[in-house]
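If you scroll down you'll find the structure; I have some questions about it.
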Amino acid sequence: MINWGGLRALYIKEVMRFFKVQLQTVWAPASSALLLLLVFSIAFGSEGRVVMGVDFPSFAAPGLIAMTIMQAAFQNASFSLLVGKIQGTIVDYLMPPLSPGELLAALAGAAITRAMLVGLVLWGAIALWPGIRANPAHPLAALWFALMGAGFLSFLGILTSIWAEKFDHNATIMNFVVQPLSLLSGTFYSIEGLHGVFRSISHGNPFSTPFQASATASLA
Amino acid sequence: MTDSNIAVGVVLLLGINVILAAACYIALRTGWKIKN
């Protein structure tokens, strides 16, 4: 028997947690990603550089959206239980009659919601960008990869917040695991263009699946 | 011009999600690091 009322209440509470500071949690990541796209487009796009058969900004856009979605999911999820531990409000998560599955669904659901909102804002902004093809060739596949990418990092974030004892632990995973893996996963280049061992390593990077697949789903 | 297979990506990501969700579930159920 699922406690739908409790699940809904915790989900809404978690959504309110990030929505209260939406400038920082939704608009800021989208704005940073747009700046990255702008800088890289100026650096590479003006030379007429073509990657995988499309101009550079159109190639980088889907991967950039995937990267932003995944980082937003991780940030939201990795703060959830950790804030409770540090502020001593963890009992608010543990005392209510919620099963581990319901707790997990509400936490992951809210993180995925934030990630998808950030992705939507970014996608909307990119759609207005002159000369970029923002409509994915396979919309359902693109949506699936966005949801799965967000889910992946939400669960990783929840695991991090369960394990972490201070914000430093959480930041370590963000800065030394999530950031490098996401930046080196082929957002700004095609993995097929790499040589030998680097290409094999990149194919083994779990973060590259959502990026490469989103690019494929959007551009193919 | 594709550099990854969509079908493989769909299944692989689903697998990663299921494994991580299971790990989270087990950690929450046993109370690892959150229930002392």
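The values are calculated or read from the model by the stated rules, or taken from the named source; none is laboratory data. Everything quoted here is computed from the prediction, not taken from an experiment. No Cβ is skipped: glycine too gets one built from the backbone with ideal geometry, and neighbour counts run over all protein chains shown.
Looking at A:S214, A:S190, A:S161 in this structure, which one is at the interface with chain B (Cβ under 10 Å from one of its Cβ atoms) and touching an Asp or Glu at 6+ places or on another chain (Cβ under 6 Å)?
A:S190
Give all pairs with beta carbons closer than 7 Å in which a residue from segment A:79-96 that is acidic (D, E) meets a residue that is surrounded by 17 or more Cβ atoms within 10 Å (Cβ to Cβ); count only pairs at least 6 apart in sequence or on separate chains.
Note: pairs meeting the criteria are A:D92/A:G84.
List the number of the failed condition for A:G186; all other conditions in (1) farther than 18 Å from A:P206 by Cβ; (2) small (G, A, S); (3) assigned to a loop (DSSP other than H, G, I, E, B) hold.
(1)
Moving to a separate point now. Of all residues in segment A:107-158, count the ones that are surrounded by 18 or more Cβ atoms within 10 Å (Cβ to Cβ), away from chain B (no Cβ under 14 Å) and not in a helix (DSSP H, G or I).
Of the residues in segment A:107-158, 1 are surrounded by 18 or more Cβ atoms within 10 Å (Cβ to Cβ), away from chain B (no Cβ under 14 Å) and not in a helix (DSSP H, G or I).
I need a count of the residues in segment A:87-106 that are assigned to a helix (DSSP H, G or I), away from every other protein chain (no Cβ under 11 Å) and at pLDDT below 95.
Qualifying residue count, segment A:87-106: 2.
Just checking, how many residues over segment A:48-78 are free of Cβ contacts under 8 Å to residues at least 60 places away in the same chain and surrounded by fewer than 24 Cβ atoms within 10 Å (Cβ to Cβ)?
Residues that pass the stated criteria total 4.
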